[in-house]
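Notes for the one structure printed next.
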Amino acid sequence: MGAEVTYHNFEVLTSDFYNTQLKYSVNPGRSYKALEVSLFAQDEITVFSDLKTNVGMRFYYYNEGKLYGWEPRVSFTYYAFDRLVLRGSFAIANQPIHLLARNDVYLPTDVWFPSTATIKPARSMQGAFGFEATSADKTFLFTLEGYYKDLENLYEYKEDADFAYSSNYERQLTTGRGEAYGVELFFNKRIGNITGWFGYTLSWTKRYFDDLNRSEPFYPQFDRRHDVSVVLSWQPSTTISFAATWNYSTGKAFPLPIMQYSFLGMNNAKENENEVFYEYSARDAFRLPAFHKLDLSVNYILKWNDKDVELSLNIYNVYNRFNVFSKYVGYKTDEATGIRTPILKQFTLYPFLPSLGIKVHL
């Protein structure tokens with residue numbers, strides 16, 4: 001059992017453009033100060049030799065908005081056979097800090113925003129069940145687990161959110177619910193010169209907001225249908241080892257303009273032709289290309305003045321995959337005619353990147 005106290009101090013500022021005056025203002029935005037207090041207790045209980053449980057309870061109080069709640073949790077482990085273990089868990093959790101991201105810009109705009117008297121803590125209710133099996137000689141381990149999570153009090157920016165400096169931030173948000181579910185499998189070789197593991201997750205994440213996406217459910221950027229990790233390690237001797245890691249995941253969801261338009265001027269038809277407005281697709285209706293890369297490393301240990309010196313060579317993104325970080329609409333201007341043509345552009349991050357390292361064990 002125990003207790004925890006956290007003091008939060010938030011300075012929230014909104015603006016659709018950068019203004020140097022805001023940087024030097026004494027109090028440019030709104031300040032949120034909150035004290036979060038929690039009490040928790042848990043107990044490991046052996047019901048009988050083959051069944052063990054963990055039962056816990058957490059109480060939290062968040063003084064901004066006078067918010068409080070109970071968070072029960074329970075898990076069990078049942079040794080069905082010598083090499084087969086069943087596991088299950090259930091938990092309710094609350095998070096008084098919300099992560100908000102704008103959906104109309106391509107660069108990261110994540111903002112942590114606290115719960116208030118009107119912004120309630122996010123709430124989740126999750127259950128999971130699976131099993132773990134090992135080989136007779138304990139060399140191989142295999143696990144399989146399914147889970148379901150129900151989410152309430154989720155917040156997103158409204159479709160017509162106003163990010164002007166003078167706007168009321170809380171009024172730019174709308175609330176909804178969500179759910180996440182999937183299955184995870186894991187295969188691990190734990191003994192021998194060659195070890196490694198393979199992990200795969202098949203999952204779905206959905207959001208339901210009355211005020212967004214014409215009330216239709218949508219898959220947010222956190223929805224990654226497939227996630228694969230493969231890790232191999234080979235240690236032919238005590239002084240040298242090799243490792244390889246390959247990752248793959250479904251590209252994140254994002255919106256794109258599907259048309260553009262402008263308004264004719266009252267006196268001159270071309271008066272407003274350079275002021276372009278976008279009509280966006282359904283929320284997060286498009287997907288970035290899949291993310292995948294291969295990393296390699298080698299480590300060598302030698303003796304120097306009776307000390308172990310470890311030399312390492314690491315190569316990030318061996319086959320130089322141009323993984324897309326974001327896509328956005330830009331323009332290409334014809335130098336001869338001056339006509340601006342919209343084109344789809346993209347940012348990519350982290351190309352082929354080797355690095356050397358040295359570590360001395362004193």
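I want to make sure I understand the PRE zone here: with the label point 7 angstrom from the Cα of Leu356 toward its beta carbon, which residues in the range 307-347 have backbone N atoms less than 17 Å away? Correct set: 309-316. Among Asn54, Asn213, Asn193, which one shows the highest mean-square fluctuation when the chain is modelled as a Gaussian network with alpha-carbon springs under 10 Å? It is Asn193.
In terms of the mean number of neighbouring beta-carbon atoms within 10 Å, the peptides 278-288, 329-339, 299-309 order highest first as 278-288, 299-309, 329-339. For the range 1-223, relative contact order (Cα pairs under 8 Å, six or more residues apart, normalised by length) works out to 13 percent. Positive end of the dipole of the range 50-120 (Cβ unit charges, origin at the Cα centre): among Leu84, Leu99, Leu51, the Cα lying farthest that way belongs to Leu51. The distance linking the range 329-362 with the range 198-259 is 22 Å (Cα centroid to Cα centroid, whole angstrom).
Projecting the Cα atoms of Phe222, Tyr319, Leu39 onto the charge dipole of the chain (Cβ charges, centred on the Cα centre) puts Tyr319 farthest toward the positive pole. Using a simple spin-label model with pseudo-atoms 7 Å out from Cα toward Cβ, Leu35 and Ile240 lie 6.2 nm apart. Note on the range 179-269: Cα Rg divided by 2.2 N^0.38 Å, N the number of residues, gives 1.94. Placing +1 on the Cβ of every Lys and Arg and -1 on the Cβ of every Asp and Glu, with no other charges, gives the chain a dipole of roughly 620 debye about its Cα centre. Temperature 4 °C, viscosity 1.567 mPa s: under these conditions the Stokes-Einstein estimate for the chain, based on its Kirkwood radius over C-alpha pairs, is 51 µm² per second. The alpha carbon centroids of the range 165-185 and the range 59-128 are separated by 13 Å.
A dipole drawn for the chain from +1 and -1 charges on Cβ atoms has a positive end, and of Leu353, Tyr61, Asn299 the residue lying farthest that way is Asn299. Seen from Ile301, the other residues with C-beta closer than 11 Å to its C-beta sum to a net charge of +1, counting Lys and Arg as +1 and Asp and Glu as -1.
Coordinate-derived values only; no laboratory data. Worth saying up front: this structure is predicted, and the values here are computed from it rather than measured. Note that we place each Cβ from the backbone using ideal geometry, even for glycine, and neighbour counts take in every protein chain shown.
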